[in-house]
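Below is one structure, written out as structure tokens; comments come after it.
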Amino acid sequence: MFYGLHPSCMLQKVTTEKNTLAERLKNAEASRKRFDDELKRHAAETQAREEIRKSLEAEVRRLTHKVGQTEGEKKEKEDQISRCEAYIDGMESKLQVCQVRDLASFKNR
């Protein structure tokens, strides 16, 4: 007898302890699997957020570039309009001079 226990009692106690430890191991492995699954899910979400962030940053860069181009084109058009207005003003002045000259020559006849 070991520690005053009958061998069949000792075997039963060891078997019970083994079963308890096996159940604890099973629970620990299930918990670890849940943790691993949660960790994988979190990593996938983090990666997805990172991809979205990079995509949005690229879109912001593209739109910023486009706005810069549009502003440049707008400035170019405004300059072109100013040149056209100056040309029109010059032509109107020439027309007025011609009209005054024609009117003067008509009166002198």
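Each row is one residue, and each column tells you yes or no for (1) surrounded by 10 or more Cβ atoms within 10 Å (Cβ to Cβ); (2) touching a residue at least 60 places away in the same chain (Cβ under 8 Å); (3) among the basic types (Lys, Arg); (4) assigned to a helix (DSSP H, G or I).
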position: Glu59; (1), (2), (3), (4): yes, no, no, yes
position: Lys66; (1), (2), (3), (4): yes, no, yes, yes
position: Lys77; (1), (2), (3), (4): yes, no, yes, yes
position: Ile81; (1), (2), (3), (4): yes, no, no, yes
position: Gly90; (1), (2), (3), (4): yes, no, no, yes
position: Val97; (1), (2), (3), (4): yes, no, no, yes
position: Val100; (1), (2), (3), (4): yes, no, no, yes
position: Phe106; (1), (2), (3), (4): no, no, no, yes
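Suppose the filter is within 44 Å of the chain's Cα centre (by Cα), at pLDDT 95 or above and part of a helix (DSSP H, G or I); does Asn19 pass it? Let's see the steps before the verdict.
Values: within 44 Å of the chain's Cα centre (by Cα): no; at pLDDT 95 or above: yes; part of a helix (DSSP H, G or I): yes.
Answer is no for this residue.
The values are calculated or read from the model by the stated rules, or taken from the named source; none is laboratory data. All figures in this text were calculated on a predicted structure; none of them were measured in a lab. All Cβ positions, even for glycine, are placed from backbone atoms using ideal geometry, and neighbour counts span all protein chains on display.
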